[in-house]
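Taken together, the values in this text are just the output of simple stated rules run on the coordinates, not laboratory data. This one's a predicted model, so the numbers in the text were calculated from it and none came from an experiment. Virtual Cβ from ideal backbone geometry, glycine too; neighbours counted across all protein chains shown.
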Amino acid sequence: MKALLPITPEVPIEPPLALLAELTHRCPLQCPYCANPLEMERAATELNTATWLRVLDEAAVLGVLQVHFSGGEPTARKDLLELVRHAAACGLYSNLITSGVMLDAASLAVLAGAGLDHVQLSFQDSDAVQADRIGGYRNGHARKLVVARLIREAGLPLTANFVVHRQNLDRLPEMLALGQEIGASRIEIAHVQYYGWALVNRAPLMPSRVQLEQANAAVAQARTDLRGRITIDYVVPDYYAARPKACMGGWARRIINITPAGLALPCHAAETLPGFHFPSVRTTSLGAIWRDDPGFARFRGTAWMPEPCRSCDQREVDWGGCRCQAFAMTGNAAATDPACAMSPDHFMMADAVAASDAVAAADGPAPDLVYRRIRTAALVR
Ligand code: SF4
Ligand code: SF4
């Protein structure tokens, strides 16, 4: 059972459920919807192995249950195997979030042997040509199909992740079929969330309303057809919602995010917020950060909320939505998320949707994509 941390007079602070360990920003792919920041960390500024090992120890002591090794591409870290082994020794459930293109049978076998619990493999499309175009990586899709089989042969449970947008959403039924073919126990269909590089590419990626309605219907049908066999997670785009999502399960409530350089964040996009000086795990323990850091406390709970959130019966359901999206669109991180129909800024979402629908109606070529570019070369052994 999780131990509760010391309780403040007003708000009990429970330990985070999960640690999102962004081991590196390096990645051989160049997805234009990548949630990584525009200013990416180079290898030289990444945390070293000893610090990550200490962070895993501190996470376990804090009461964290799961660690998600992410990036960038986490298999670009030569010490991934050591980190997985240590997570297992600490009793942490470990999930590898990967594009898969740097994995092979040998590396998967050693990762499974080290105690890795689960793999989430990302796909850019069901169509190989289009997948390789979006990922900016030749033969990447074919490689992923091989790696999906190797993951299953290594005895690891597999989630197939498909990021969907205007340019691939019409192939959603094929993506759902592909997830079944490769033996995924879970299929995640995630609409692009417009942070980081994705915000730069919002115009060419935002789906039309018609596409979204068709996608909703396809997911609903697949959930019925696959009930009891495959779980389907569906992340809808904020821009078409009437209510925001509970971003990260609420600010500093469920997840703690560590960047490649060691900054501790309540959300992977929180570095974009001005006036915050988030602490580094190089100098501060995870427990002290979670309990005491003013940046983590800033939007925790409901006391910070403006109207209409303050008096809304959904305030402990969605926690006012996403602070980073509120800032990106309104310039005020403490504003109600514009995704909410009750936000005075909701018109900004509606304007973006109308612009997207107009592009779709014109049926012309989509604006060019801006590709994320950073290179790496390493393989887990
Ligand atoms: S470029 Fe693509 S594969 Fe690489 S981290 Fe970003 S979204 Fe993931
Ligand atoms: S007003 Fe605030 S709490 Fe209520 S639904 Fe909208 S974002 Fe959520």
Under unit Cβ charges (Lys, Arg +1; Asp, Glu -1), what dipole magnitude, rounded to 20 debye, does the chain have relative to its Cα centre?
-> 680 debye
Relative contact order (%) - criterion: Cα under 8 Å, at least six apart; region: the chain | 21 percent
Note down the net charge around residue 144, summing +1 for each Lys or Arg and -1 for each Asp or Glu among other residues with Cβ under 14 Å from its Cβ.
-> -2
Would you list 348, 329 from fewest to most Cβ contacts within 10 Å?
-> 348, 329
Calculate the dipole size of segment 53-192 relative to its Cα centre from +1 charges on Lys and Arg beta carbons and -1 charges on Asp and Glu beta carbons; express the result in debye to the nearest 20.
-> 160 debye
How much length is gained if the chain between residue 236 and residue 314 is pulled fully straight, taking 0.36 nm per residue apart and subtracting their Cα-Cα distance, in nm to one decimal?
-> 26.2 nm
Normalising by the residue count of segment 1-141, find the relative contact order in percent from Cα pairs under 8 Å and 6+ residues apart.
-> 24 percent
Apply the Kirkwood formula to the chain: the hydrodynamic radius equals the inverse of the mean of 1/r over all pairs of different alpha-carbon atoms; give it in Å with one decimal.
-> 21.5 Å
Within the set of other residues whose C-beta is less than 12 Å from the C-beta of residue 329, count the net charge using Lys and Arg as +1 and Asp and Glu as -1.
-> -2
Quickly work out the residue 291-to-residue 355 label distance, labels modelled 7 Å from Cα along the C-beta direction, and quote it in nm with one decimal.
-> 4.6 nm
What chymotrypsin sites (Phe, Trp or Tyr not before Pro) in segment 180-247 are in a loop by DSSP, with at most 15 other Cβ atoms within 10 Å of the Cβ?
-> none
Going by how many other Cβ atoms sit within 10 Å of their own, how do 75, 283, 159 line up, fewest first?
-> 283, 159, 75
In what order do 52, 304 fall by count of nearby beta-carbon atoms within 10 Å, going from fewest to most?
-> 304, 52
